[in-house]
1. Which residue pairs have Cβ atoms closer than 9 Å, lie 6 or more positions apart in sequence or on different chains, and pair a first residue in the range 477-500 that is among the aromatic types (Phe, Trp, Tyr) with a second residue that is in a loop (DSSP other than H, G, I, E, B) and open to solvent by 80 Å² or more (accessible area, probe 1.4 Å)?
2. Being part of a strand (DSSP E or B), open to solvent by 70 Å² or more (accessible area, probe 1.4 Å) and not charged (D, E, K, R) is the filter here; which residues of the range 142-172 pass it?
3. Under 7 Å by Cβ, and 6 or more places apart or on different chains, what pairs join a residue from the range 113-126 that is farther than 14 Å from Gly207 by Cα and open to solvent by less than 20 Å² (accessible area, probe 1.4 Å) with one that is of a type in the set (Val, Ile, Thr) and outside any helix (DSSP H, G or I)?
4. Kindly check whether there is at least one residue in the range 130-151 that is free of Cβ contacts under 8 Å to residues at least 40 places away in the same chain and under 30 Å from Leu217 (Cβ atoms).
5. Across the range 45-63, which residue is nearest to Glu517 (Cα to Cα) among those that are among the small types (Gly, Ala, Ser) and at pLDDT 90 or above?
6. Quick check, is Ala258 of a type in the set (A, V, I, L, M, F, W, C) and open to solvent by less than 30 Å² (accessible area, probe 1.4 Å)?
7. Considering only the range 211-234, how many residues are closer than 17 Å to Arg246 by Cβ and open to solvent by less than 60 Å² (accessible area, probe 1.4 Å)?
8. In the range 140-147, is there at least one residue being basic (Lys, Arg) and closer than 18 Å to Arg211 by Cβ?
Amino acid sequence: MIQRRSISLGPAVRPAPTMDVGSWWAVLRRRWPVGAGLFLAVAGLAAGLVLLSRPIWRAETALRLGAQAPIGGLSLGDGSPSGLFGLFQQMSGDPFSNELELLSSRTVIEGVVEDNALNVTLLAPRGWYRDSLFTRLSASRETGPALFEVSALPDGRFHVRRTEPSDSTVGDFAPGVTARFGGITVAFRPARAGVSVAYRLRTVPFGEAVRATSGRLRADRERREANLVKIVYDDPDPNLALAVVRSATERYTALRAALQRRESGETTDSLRTVANRTLAELTRQENALARFQHDSRLIAPDAQSDAFVKRQADVEAALETARGELARTDDVLARLDTVRDPARAWAGLVAHPTFLENRTLGDLLGNLVTLQQKRLELSGRRTDQDRQVQALDRQIDYLDGSLRSLVRQYRDGVADQVRLLAAQRSEMDSTLARIPSSAVELARRQRNVRLLSEVYLFTDQRLRQESLRDALSFASVQVVDPPEVLFKPVWPRRTLGLGVGLLLAMTFGVLGMAFTERADHALRSGREVGELVGAPVLAVLGASGAGLRISARERRALDRLWAGKERPGLLFLAPVDDPAAAEAVALALAEIPADVRVAAGAWDSRPAPGAPAVAVGAVLDHYAAAAEAAEVAEGGAEVMLVVRYAATRREDVARAAALLGEAGVAPAGVVMVSDDERAAGVVWR
C-alpha cells in the first residue's frame, strides 16, 4: 500500500495558515507592474485635478444674533406654569434654530439668486470673471435653459449667438448698451485692445438655480448654542461670492425685520383690540353696578345691614309704644263717653302720663279743676239758675269740650302713628327679605368688574411689553465681521490634494495588485496545494538556465527521504505542459546518473547502484493515468505530483487529486517547479 508522508524540508516546506512578509514581497514582485500602473494613473489624475482645476474662493461674514425678547406676561421667576415652561424651553431647546432655518428659507435664497443672477453661468477661460466682462448682468424668474456664445467683433461690438436649445443669431451689441435676450439683461464691458474675447453664457431655470444655491450657501456655528453665525459661500468668481454673501445678509436681515414687525404688529393689534373690548365691557359693567347700587340703595352691604336691623328694631319698639299709647287713650276716651260728671270723667285723664307731661292739657285740666271747685262752692249758696253758676257751667262745658277734642285729636294722631309705623315695618320686612339676593347680585357685579379690571390690566401690561419687544427686536442682529473674501482660495489645496492623491494612488495600486492576485487561478502557495491534494509540498525547485537545481539543504532532506529505499518513486505531472520538466525533477530528486535513460511513462530497470528508482508519468488529466499510478503503487511505489508554480491552475490540481482518489491512490507529496530561481526555497503560504 502507498503510504502518505509528511516530511519537513527545512525552510522549503513550512506550512503556515497566513501569509508572511516574504509572501507579500513575492506578490509585490509579481504584480508590481499592475500596482505601478494604477499608482501612476491615479496620481496623475489627482495631480491634474489639483493643478489644473479652477481656484474656489470663499466669501464669509459673521452675524451675531441677539436673544429673542421674552414672552410677555408672567416672568420666569414667579413660579407660574408659563414661566417654568419658558425656562425649560430655554434650557433644553436651541434658541437660534429658527434663525438658521430662516436664513436658509426659500424667500432668502430666491432673493439672493435674483440679486446676483445666479441662474446665469459664465463659461469662460480661467481667470475671466463677471466684473471683467459685464457692467450689468441680471436675469428674471422666467429665464429658461439656453446656451449663448459671445464673441468680440473687430469694430468693438459683441456678437451673441444662441446654440441651445436651437441654433440662431441673437444680434450684435455695442459695449455699455443694455441688451436683452433669452430672459437676461446684460451690458458688455469694452474689450481690451489685442485681447480675443470669446465665452459662453448658460442659463438655467430659476427653480434649479434656487436649489443649487440652497446647497452652496451655508450657515455655520462653532457650537450648537452659539449665537455667532457665519454665512459662507464658495465660488470660482471671488467678486460673485462676495456679492452673494452681502445679498444673503441683507435679505436675511430684511426678512427677519419684516417678519418681526408683522408679527409684533399683529400681536399689538390683537392685544389692542382685546384691551379696547375689555375696556368697553368693563365700562358697561361699572355703569350697571352703579345703577344697581342706586336702585337697590345697597352700597356697603354689611354696614347697611347692621344699621337697617337696628332701625327695624327701633321701628318695632316705637310701634309697640304707639299701640300702648293708643290703647290707653282709647280707655280715657271710653271713660269720658260713659261718665258725664267732669270731675269723675277727668280723674282718669289726670292719671295719664302723656296728658300730665303735656302743658296745654295740664293748664286746661288745672283751669277745669279750679272752675269745678268754684262751682261746688257756689252750688251750696246759689241755685243752678244763678247767672254766675250758669257762667261757670258754661266755662266748665267749654273746657270739657276742649279737652275731649284735644284727647280725640291726640288719639287720632296716635292711631296715625301706629298705622305709619306698621306700614314702615311692613316695608322694612320686604326690604329685609330682598337684601340677601341684592347682596348676592351686588357681589356678582362687583366680581365681574374686578375680573374685567384684572383682564384689562394684564392686557394693557402685555401690550406695553410687546411694544417694548418690538422696539428691541430690530437691533438684535449685528454684523460682527463684514462680508469679505478670504486671502487665498479654499480649493485647490495643493499640499493636501497631492497628499490625498498619492494616498489614493497607493491604495488603488495595492488594491489592484491584490485583485489581480486574487483573480489569478494559478497555484501560488504550498498551502493551496495542501488543501487541494491533501498532501504536503516536499520541495520547491527553481530553474537555472535550461535545467533545474536543488539546494544543499533540500538535497540532504531528500537523501534522508530516499535513504535505504528500493521502491521506485512515481512522478506524475498535474498538469504541466512540459514533460521534460518532470524528467529533470526526477533526475534532481534521485540523482540518477546522466547516462540512465528515463522515458516518460516507462520504467528503466537499470538504475544506478544505491539510487532510488524514479519513474515519470504522463500528465495526470485522465483516469487512465490515475489507474496506471494505482497499479504501480500496489507494488510499493511512492506517488507524487509535480506542479508548476504560476502555471498550473487550481482546478487542474483538484481534478488530478480527484482522479487519484477515484483510482484509490493517496499522493505522498507534491513537488513544485518554478521558472523563477528566487522562488526555490521560499516558503509559500
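1. Correct list of pairs: Trp491/Arg54.
2. Passing the criteria: only Thr169.
3. none
4. No, because not a single residue in the range 130-151 is free of Cβ contacts under 8 Å to residues at least 40 places away in the same chain and under 30 Å from Leu217 (Cβ atoms).
5. Ala59
6. no
7. 8
8. Yes: the range 140-147 contains one or more residues that are basic (Lys, Arg) and closer than 18 Å to Arg211 by Cβ.
The values are calculated or read from the model by the stated rules, or taken from the named source; none is laboratory data. Remember, it's a predicted structure, so these values are computed and weren't measured experimentally. Reconstructed Cβ throughout: ideal geometry from the backbone, glycine too, with neighbour counts over all protein chains shown. All accessible areas refer to the heavy atoms of the entire protein, side chains included, with ligands and DNA or RNA removed. Shrake-Rupley method; radii C 1.70, N 1.55, O 1.52, S 1.80 Å.
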